[in-house]
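Novice: Below is the structure I would like to discuss, written out as structure tokens.
Just so it is clear, none of the values below were taken in a lab; they were calculated from the coordinates. Note that the structure is predicted; figures quoted are calculated from it, not measured. So basically every Cβ, Gly included, is an ideal-geometry build from the backbone, and we count neighbours across all protein chains shown.
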Amino acid sequence: SFEVKIASSGASFQIPADKTVHQVLSENGIEIMVSCEQGVCGTCLTRVLEGEPDHRDLYLDDHEHAANDQFTPCCSRAKSKTLVLDL
Ligand code: FES
């Protein structure tokens, strides 16, 4: 698991292996717009302020993945212990 932190509120959530970032945030009243939920459409794209995403999408290109400043919370995860999201 890893932790996701919401920059605006400071709230943080553990993301267990069997749930997506989007699922956990949604359960806690933080709604991110999603569409495909498979990393294809880019609808859920969210800015990352700190931490290293584990990109699982097909939407961003290699260069954008390497920048680590945005990710797709419908399917992508984290390599670092914490991701701080610009939400
Ligand atoms: Fe389509 Fe996340 S909802 S990429």
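Novice: Compute the Rg to Rh ratio over the chain from the alpha carbon atoms, using the Kirkwood formula for Rh, and round to two decimal places.
Specialist: 0.92
Novice: Could you check what % of the DSSP bridge pairs in the chain are antiparallel, to the nearest 5?
Specialist: Expressed as a percentage, antiparallel bridges in the chain total about 70.
Novice: When ranked by the protection proxy of mean other Cβ atoms within 10 Å per residue, highest first, what sequence do the peptides 5-18, 44-57, 64-77, 24-37 form?
Specialist: In descending order of packing, they fall as 64-77, 44-57, 24-37, 5-18.
Novice: Take every Cα pair under 8 Å in the chain that's 6+ residues apart, average their separations, divide by the length, and report that relative contact order as a whole percent.
Specialist: Here the relative contact order equals 37 percent.
Novice: Residue by residue through the stretch 14-21, what is 3J(HN,Hα) from phi via Karplus (6.51 cos²θ - 1.76 cosθ + 1.60, θ = phi - 60°)? Round to whole Hz and write x for glycine and proline.
Specialist: My calculation for the stretch 14-21 gives 7, 9, x, 4, 9, 10, 8, 4 Hz in order.
Novice: Related question: Would you tally the net charge around Glu50, using a Cβ to Cβ cut-off of less than 13 Å, leaving Glu50 out, and scoring K and R as +1, D and E as -1?
Specialist: 0
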